[in-house]
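> Below you'll find the structure I mean.
The values are calculated or read from the model by the stated rules, or taken from the named source; none is laboratory data. This one's a predicted model, so the numbers in the text were calculated from it and none came from an experiment. Methodologically, a virtual Cβ is constructed for each residue, glycine included, from the backbone with ideal geometry; neighbour enumeration extends over all protein chains shown. Calculation scope for accessible area: heavy atoms of the full protein, side chains included, ligands and nucleic acids excluded. Shrake-Rupley method; radii C 1.70, N 1.55, O 1.52, S 1.80 Å.
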Amino acid sequence: MSISGGRNDMVVVGMGGGGSDIVAVVSFGHGDASVSRSEPENGFSDSLSLFHSEKAVQELLQQTPVQGSDDHLIEFSEALRTVAKALRRAAEGKAAAQAEAAEWKRRFELERTRNLQLEPKERSLRENNGDFEGGRLEKSTNGLVLCNQANQHVEEGCLEHICSHEVLRDVQPVLDCNMPNRIMRKASFKLSWRCKGENSDQHKHDIVYFERGNITTAERSSKQISLKWESNPQTILILTKPNSTSVQILCAEMVRWLREQRKLNIYVEPRVKVELLTESSYFNFVQTWKDDKEMLLLHTKVDLVVTLGGDGTVLWSASMFKGPVPPIVPFSLGSLGFMTPFHSEHYRDCLDSVLRGPISITLRNRLQCHVIRDAAKNEYETDEPILVLNEVTIDRGISSYLTNLECYCDDAFVTCVQGDGLILSTTSGSTAYSLAAGGSMVHPQVPGILFTPICPHSLSFRPLILPEHVTVRVQVPFNSRSPAWASFDGKDRKQLAPGDALVCSMAPWPVPTACSVDSTDDFFRSIHDGLHWNLRKTQSFDGPRDL
């Protein structure tokens, strides 16, 4: 490793090892640094060499004393860090290229093996069909029927194939004008859904039909989702809005009715159990949990969740479950009711109907968010994942500067956000902060991620709706004037320093909420009642009438 440069405007860093060299040229100008790399003619250098080069740069940074009074040394230190990051990206690029090359080679070998297996079958088929006479085909009594292997799902590692080897079925064969004895067949093809990990279940398993080379998707068996109990529910968890006397009275009445009339086991929060025992020792049968470890196991004990409050209580109940979520029956006792279609006055009839089943439910998707720090040495040194039901917001906090956020979708650059911030929302959260920032209202069962800027400094920056299978990465660039702040469903606020990133994807565990009628009826009723959507005085008619 060689380093040249001092107080000049250019520093050359040379890396050697493994029979290849990489030269990085760092140019300085008014506090900024740029890096350019020259690589050997035979492609990328060895990954181990890149690793040692980056390690050497890091050791040099630790050994080189940098004092605040010397601006040139500070610039030189930042330039070396940039070189280290460039070398790491080169190593990652080479690994990805090698993996892609191996995948193409594997697919080529599979295709060649399949063609070798099909050659004897095609030869036998041509012999059975005979020759053409006068441009006509002598068909057998059964006609020309070839194998149709459409709708076969082949799971190979991270790639799911839906294959079709259909040729022509129950149709007149087409003759080649140049070769009269040859049948023209329509080409077969494959469709594949790619996922990023073997354990990922974000890709869809919809059946795709192939008929004569045309693609049609299978129709859904039902437009609404129904839940039917295979065995009677035994345990119910009741979550309540705090600091409300009316909610406490209703909770005590509901617990008593469920115990005496339905013979069910009741779980409540520790706070609620204290309130019930303060009222009467009759509620000794009520169960609760002691710590967070027991709370994480609630989904293995609870069959049904009942919430008494508003949409905030539903958000709180969803945040308690880090994995699968039991069905939630939300009763409206708050100021907003986009997710609370049931009325507390009729809770006995509602719960009887829900416990008897079947019931319509809405599967509300959640976002799984990871904060990746720039100081992390590997992908495992990340913060704990956070699940959100409404939205994750990245804003400028108390800073007077605009946020500067680089946004990527599946590693493809989308845009740079300059404004007050950005909202990544679920469709359930489309009627919350995203709607106030100019986003669209979306039916909660539409799978997607809403990409909504907050007060962007651009007239052409309009909101987006992204498909559910993408991964969105929002990164604070190194040249950002100030850090950003991320909040998850309005809480758990985290600071994002320059170089830090927030990665969001669709969580595999949705939140099932019971419907009063069905998901569509409940959605339109909520926006009519909660937002008074498109309510206006009817235009009067004062023109001439048709005779």
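> Between residue 102 and residue 284, what is 0.36 nm times their sequence separation minus the Cα-Cα distance? Round to one decimal in nm.
Values: separation 182, 0.36 × 182 = 65.52 nm, distance 6.36 nm.
That works out to 59.2 nm of additional length.
> For the pair residue 291 and residue 348, what calculated FRET efficiency results from E = 1/(1 + (r/R0)^6), where r is the Cβ-Cβ distance and R0 = 41 Å, to the nearest 0.05?
0.75
> Further question: Going from the alpha-carbon gyration tensor of the range 374-461, what semi-axes, largest first and in whole Å, does one get by taking the root of 5 times each eigenvalue?
22, 19, 13
> Over the range 338-445, with every protein chain in place, what whole percent of the accessible area is carbon and sulfur at 1.4 Å, could you tell me?
That share works out to 49 percent.
> Quick one: ranking 409, 504, 416 by accessible area, 1.4 Å probe, largest first, what do you get?
In descending accessible area the options line up as 416, 409, 504.
> Pop the C-beta distance of residue 528 and residue 300 into the FRET formula with R0 = 35 Å and round what comes out to the nearest 0.05.
After rounding, the FRET efficiency stands at 0.35.
> Per residue, how many Å² of accessible area does the range 427-466 show with a 1.4 Å probe?
Here the per-residue accessible area is 46 Å².
> Sort the following peptides by mean Cβ neighbour count (other Cβ atoms within 10 Å, averaged over residues), highest first: 287-298, 360-371, 453-464.
Peptide ranking by packing, descending: 360-371, 453-464, 287-298.
> Right, next: Using a cut-off of 12 Å between beta-carbons, work out the net charge of the residues near residue 318 (Lys and Arg +1, Asp and Glu -1, residue 318 not included). Intermediate results must be reported in sequence, preceding the final value.
On the way: positive: 322, 364, 366; negative: 311, 489.
Combined, the nearby Lys, Arg, Asp and Glu give +1.
> Within the accessible area of the range 249-320, what % is carbon and sulfur when the probe is 1.4 Å and the other protein chains stay in place?
Carbon with sulfur: 52 percent of the solvent-accessible area.
> Over all pairs of distinct alpha carbons, what does the Kirkwood formula give as the hydrodynamic radius of the range 344-383, in Å?
Computed over the range 344-383, the radius equals 14.5 Å.
> If you don't mind, there's one more thing I want to ask. Counting heavy atoms of the protein chains only and a 1.4 Å probe, report the per residue accessible area for the range 345-420 as a whole number of Å². It would help to have the intermediate numbers written out before the result.
On the way: 3920 Å² over 76 residues.
Averaged over the residues of the range 345-420, the accessible area is 52 Å².
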